[in-house]
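Okay, structure first, notes after.
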């Protein structure tokens, strides 16, 4: 699918005009790929890399254009089961146009960064900057989900929430790798600013992007380290909760067995006291059963320090 945009009054505006300066190809089909390869002379390997989620961010200079590949977070959906994934974006900068390759249809020209776009080079830098804010938004969501799962783990006796935390930890590893890859790309853009014809304003924006990316990288690293370091403790909490449940069930089982034994003893078909069917025998047996329960509770309280009453 192809969408066309143009720069109008320093803003990116969608248009149907065939002369649009910005072409966005979303998961291009075979015909669109052939058009990109034949008419715009894109390298086939670079084109495939731009749609490969496992590709590293990089900068390449071709005879007629500059190829930029950077990493962005994919939009999260419930079917991902707490796994936050990354995707690649390909940006091909020509003298008079920009071609953007996306694997899925997502808004890429939104936010404050695109309220004043002065050139095509400026547009490419702002796309990278918007990606950093996208990472920061996802990190906030991951942190909120982590806090919610931690509260559930405190009372949980199953591994479901623990497995969700493992998935979030895996997501942070993907994010760290992608953000570090973008860091190297930003550094390479800065080193090739002359070739890219970046203005003073572009360099100031690039400095801001560098700072934001470093902060994003540090934040994701902190979240990842905290999640990894506390994972063993959370696994122990789940095991401890299960042990407490089994302990409580054992106490209840023993508590039931004691009066059951008393009643069963007087139900045996042998010569026993009170076999004369005295009218108070039934109540006497119930009293003995109740006394046995009280004795058991007193014994357990003394033995376990009121553990039975607490749990």
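FYI, it's all coordinate maths here, none of it is from the lab. Small disclaimer: the values here were computed from a predicted structure and weren't measured. Ideal geometry is used to build each Cβ from the backbone, glycine not excepted, and the neighbour counts take in all protein chains shown.
Listing for the model above:
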| read-out | value |
| --- | --- |
| Over the stretch 2-229 - Rg/Rh using Cα atoms and the Kirkwood inverse-distance radius | 1.01 |
| Angle between the chain longest axis and helix 120-153 axis [Cα atoms, degrees, rounded to 10] | 0 |
| Using a Förster distance of 35 Å, the FRET efficiency for residue 78-residue 54 (Cβ separation, nearest 0.05) | 0.90 |
| Degrees separating the helix 231-265 axis from the principal Cα axis of the chain, which is the longest one | 20 |
| The chain, relative contact order in percent, only Cα pairs under 8 angstrom and at least six apart counted | 15 |
| Of 176, 284, 51, the one that fluctuates the most in a GNM where the chain has Cα springs shorter than 10 Å | 284 |
| Cα-based helix-to-principal-axis angle, 30-39 vs the chain, degrees rounded to 10 | 30 |
| The chain - share of DSSP beta bridges that are antiparallel (%, nearest 5) | 85 |
| The chain: calculated mean residue ellipticity at 222 nm from DSSP helix runs of at least 4, using -39500 (n - 2.57) | -19500 deg cm²/dmol |
| Set of the stretch 1-27 residues, backbone N closer than 16 Å to the point 7 Å along the Cα-Cβ line of residue 34 | 1 |
| Relative exposure of 299, 82, 25, 166, judged by other C-beta atoms within 10 Å (fewest first) | 299, 166, 82, 25 |
| Likely footprinting exposure, 43, 147, fewest C-beta neighbours within 10 Å first | 147, 43 |
| Full-stretch length increase - residue 133, residue 290 - with 0.36 nm per residue and alpha-carbon distance subtracted | 49.8 nm |
| Order of 146, 199 under a 10 Å beta carbon neighbour criterion, fewest first | 199, 146 |
